[in-house]
Amino acid sequence: MAEKYLNYIAGEWRPAISGEWFENRNPANWDEIIGLFPKSGKQDVDLAVKAAREAFKVWRLVPAPERGAILKRAGDIMVERKEEIARNMTREMGKVLTETLGDTQEGIDTFYYAAVEGRRLFSHTAPSEMPCKMNLSFRIPIGVAGLITPWNFPMAIPCWKSLPALVCGNSVVFKPASDTPLTATTLVEILLEAGIPPGVINIVHGGGGAVGTSIVDHPDINLISFTGSSMVGKQINSKAGAQLKRVSLELGGKNAQVVMDDGDLDLALEGVLWGAFGTTGQRCTATSRLILHEAIHDKFIDMLLKAVEGLKVGDGLKPENTVGPVVNKGQVETVQSYVDIGKSEGANMICGGHQLTDGDHAKGWFYAPTVFTGVTQGMRIFKEEIFGPVLSVIKVKDFDEAVRVHNDCIYGLSSSIYTRDVNKAMVAIRDFEAGITYVNGPTIGAECHMPFGGVKETGNGHREGGWPVYEFYSEIKTVYIDYSGKLQRAQIDNY
Ligand code: UN1
């Protein structure tokens, strides 16, 4: 019988009120059940929000440096548990062990950054119009934060959201993706062990329809942070917006790497392999378009084809494998449907294009890394996010066309250019419509202390990571202190 895991609500580990469970299976070996998790619903969310609201009353008064000190301890515990967390993460969502170690490290880095931020949370002061009067502002917590996280970064993204929320003094109701509930549960265990008080953090497992929607709709949740598809993000934004909740959205991407004729081709090759097929192409930042200058196009495609043939797809726990499985059956079907669309649109599939089912692949959701050349701007495989190991290559005549093709996209998360021409690099930085631009680096690999997010339909203007996220999780209190001993009237007495 598989192990049962629980929700943590109102200071107690407990099953869902429904009494139902869902399975968490290994995508590299679907015979392996990682565990059973509570299939929760609105009533569980209601309990969690009530507890979070109560706990907020106390937590908001804990000095921020003290809140930060708890996060420092939690980071230390995560360092101890890093290997175990990474192995479980590979088992539950598939990416290779080096990457799940990296994902956990991103969580640890976020802990240490947040811990120190507890001593900063800076705000502005400004002079008063009046004598003997002081104007200042400081950051205050907002209330209960509803956090809805994806499966592709099961530790890093929950840390990106929950740690700034906590250090700013908010309490949290957290719904992790139902493909990665174990990593999320471990995060909560660590927070509790480090000293986060009961009720300040609550985890409610279950599906987006039942649990996610109840979080978004709940009138006593003040802010929502969501990472996922643009379609769901738009629904969340309109529902939560109608209640005037603050909403941060990290949504789709169709990120491009541009390689110019003066670029270092070996470096660009390493970059695109990592960007397109790392995490099996399942990053919001994954490289899904490769824009090649015509002068190097054919040579680069030869190099790419050889390199892709060298990738080893298999169970991410085995060190010889470089690409893990796709996360689940539905995702394999989506990838396959886009490959079929690409073929029917007339693109030239030069490798991959099918599920792998032989030998070690027989019981997992493995898919062969796939490259299409001859892609044109009108094609759906040029425009739509696939979220799998599929790369669309498009040929351009010059730099100006590369920029135009790059920007012909409804999304704008990450972008990359390989060139040795500093002027072209600077123009790309200025003109690529994206929240992140890499020069001579792939589209993936953001560092947790820098702002992360995108323009256009990738989001609604907020950023995760870095300093701006602390502004999202707090608001400003403005204070005027008059020590003149008389009534001074702003805008009247001075003029
Ligand atoms: C994501 O793809 O959802 O920049 C997050 C990167 C990682 C985070 C990606 N540090 O690729």
Residue that is farthest from residue 264 (Cα to Cα) [pool: residues in the range 308-354 that are open to solvent by 60 Å² or more (accessible area, probe 1.4 Å) and part of a helix (DSSP H, G or I)]:
329
What pairs can you find where one residue is in the range 158-179 and in a loop (DSSP other than H, G, I, E, B), the other is hydroxyl-bearing (Ser, Thr, Tyr), and their Cβ atoms are less than 7 Å apart, with a gap of 6+ or different chains?
168/470; 168/473; 168/474; 170/473; 176/149; 177/149
Test each condition in (1) more than 16 Å from the ligand (Cβ to nearest atom); (2) in the same structural domain as residue 141 (by TED's automatic domain parsing); (3) open to solvent by 40 Å² or more (accessible area, probe 1.4 Å) for residue 398 and report the one that comes out false.
(2)
Checked 4, 57 against criteria (farther than 26 Å from residue 92 by Cβ and not aliphatic (A, V, I, L, M)); the one match is 57
With the structure loaded, tell me whether residue 482 is charged (D, E, K, R), open to solvent by 10 Å² or more (accessible area, probe 1.4 Å) and over 30 Å from residue 334 (Cβ atoms) or whether it fails that test.
yes
Cβ-Cβ under 9 Å, sequence separation 6+ or interchain: first residue in the range 442-471 and under 17 Å from residue 246 (Cβ atoms) and among the polar types (S, T, N, Q), partner away from the ligand (no atom under 16 Å from the Cβ) and open to solvent by 20 Å² or more (accessible area, probe 1.4 Å). Which pairs?
460/237
In the range 74-96, is there at least one residue being open to solvent by less than 30 Å² (accessible area, probe 1.4 Å), of a type in the set (D, E, K, R), in contact (Cβ under 8 Å) with a residue 12 or more places away in the chain and more than 30 Å from residue 140 (Cα to Cα)?
yes
Hand me the list of strands (runs of 3 or more DSSP E) wholly inside the range 410-495 holding 1 or more residues that are more than 16 Å from the ligand (Cβ to nearest atom).
414-418, 474-482
From the list 396, 469, which residue is over 30 Å from residue 166 (Cα atoms) and β-branched (Val, Ile, Thr)?
396
For a quick check of your reading of the model, give me the residue pairs whose first member lies in the range 101-128 and is away from the ligand (no atom under 16 Å from the Cβ), whose second is part of a loop (DSSP other than H, G, I, E, B) and open to solvent by less than 30 Å² (accessible area, probe 1.4 Å), with beta-carbon atoms closer than 8 Å and at least 6 apart or on different chains.
121/168
On the given criteria, is residue 135 touching a residue at least 12 places away in the same chain (Cβ under 8 Å), open to solvent by 10 Å² or more (accessible area, probe 1.4 Å) and in a strand (DSSP E or B)?
yes
Would you confirm whether or not the range 224-237 contains a residue that is of a type outside the set (Ser, Thr, Tyr), open to solvent by less than 30 Å² (accessible area, probe 1.4 Å) and away from the ligand (no atom under 16 Å from the Cβ)?
yes
Out of curiosity, is residue 96 within 16 Å of the ligand (Cβ to nearest atom) and of a type outside the set (Lys, Arg)?
yes
So for the range 28-44 (the condition being assigned to a loop (DSSP other than H, G, I, E, B), assigned by TED's automatic domain parsing to the domain that holds residue 183, touching an Asp or Glu at 6+ places or on another chain (Cβ under 8 Å) and of a type in the set (Val, Ile, Thr)), does at least one residue qualify?
no
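The values are calculated or read from the model by the stated rules, or taken from the named source; none is laboratory data. If you're wondering where the values come from, they're calculated on a predicted model, not measured in any experiment. Note: ideal-geometry Cβ built from the backbone for every residue, glycine included; neighbour counts use all protein chains shown. Note: areas computed on protein heavy atoms with side chains; ligands, DNA, RNA excluded. Shrake-Rupley method; radii C 1.70, N 1.55, O 1.52, S 1.80 Å.
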